[in-house]
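Structure first, commentary second.
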Amino acid sequence: MFVELSLQEFTQRLADKKATPGGGSAAAMAGAMGAGLVSMFCTLTANRKKYAAVKEEMEQTAQFANQRREQLLELVDRDSAAYTKVVTANRMPKDSEEEKAERSKAIDAANLEATRTPLETAAVCVEMLEQIPPLASKGNPNAISDLKVGMELLYTAFGGGKANVEINLPWLDKSVSGEIKDEIDALTHRAQRAVEKGRAEVAQIE
């Protein structure tokens with residue numbers, strides 16, 4: 001499991017010639033770090049008596065962020081596993097008509113999984129980005145840079161997930177690819193709106 005590697009080992013694996021972990025796994029890891037920083041901001045606020053009025057809200061958001069962090073960590077390995085299935089399916093024998101049919105079926109299933117996995121990464125990151133705008137003005141200003149870094153990591157992770165969705169769309173059946181394209185377009189609109197609001201709120205505190 002890539003998530004069990006040290007940061008040094010993980011980044012070295014990214015730099016190696018092997019195809020996994022790749023951009024999809026890196027995006028999920030960036031998102032997990034972003035979610036962790038949002039949780040940190042909320043916890044550093046909730047633990048101060050000065051912010052007693054928002055303690056419950058901050059604790060709930062921290063819990064939400066930690067759940068999404070764990071989900072994104074799972075996606076680090078799931079993304080690499082999905083790509084491996086694509087490679088395996090393409091290497092299946094195709095000598096007979098039966099083998100060709102089985103191979104084609106396996107390729108379609110693998111390509112769909114390799115598309116839906118980064119789509120989930122993108123969706124989770126949007127969920128997190130939408131939590132951020134209300135936090136800045138309510139939280140501990142001493143940790144505002146942590147919230148800002150978390151937000152930018154999540155937005156970058158969203159972009160990485162989106163890129164991995166889009167590169168796989170041409171390999172899907174048009175009926176499926178059209179549906180997924182609509183999903184990623186809607187998520188893009190939400191992500192852009194959330195990060196714009198978040199950046200504006202953070203800028204007022206800095």
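The values are calculated or read from the model by the stated rules, or taken from the named source; none is laboratory data. All of these numbers come straight from a predicted model, not from anything done at the bench. Glycine also receives a Cβ, built like all others from the backbone with ideal geometry; neighbour counts cover every protein chain displayed.
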### Query
Given (1) over 16 Å from the mean Cα position of the chain (by Cα); (2) crowded, with 16+ Cβ neighbours inside 10 Å; (3) not in a helix (DSSP H, G or I), where does ILE144 come up short, assuming only one miss?
(3)
### Task
Could you please give the count of residues in segment 63-116 that are among the hydroxyl-bearing types (Ser, Thr, Tyr) and touching a residue at least 24 places away in the same chain (Cβ under 8 Å)?
4
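Every residue, every condition in (1) surrounded by 19 or more Cβ atoms within 10 Å (Cβ to Cβ); (2) under 26 Å from PRO21 (Cα atoms), yes or no:
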residue: MET151; (1), (2): yes, yes
residue: PHE158; (1), (2): yes, yes
residue: GLY161; (1), (2): yes, yes
residue: GLU166; (1), (2): no, yes
residue: ILE180; (1), (2): no, yes
residue: GLU183; (1), (2): no, yes
residue: ALA186; (1), (2): no, no
### Task
State which residue is farthest from PRO118 (Cα to Cα) when the search covers only segment 169-206 and only residues that are of a type in the set (D, E, K, R) and modelled with pLDDT under 95.
GLU206
### Task
Test ARG68 against the criterion of being within 24 Å of TYR155 (Cβ to Cβ), basic (Lys, Arg) and buried (at least 22 other Cβ atoms within 10 Å of the Cβ), and give yes or no.
yes
### Task
Report whether or not LEU135 is part of a helix (DSSP H, G or I), hydrophobic (A, V, I, L, M, F, W, C) and closer than 30 Å to LYS49 by Cβ.
no
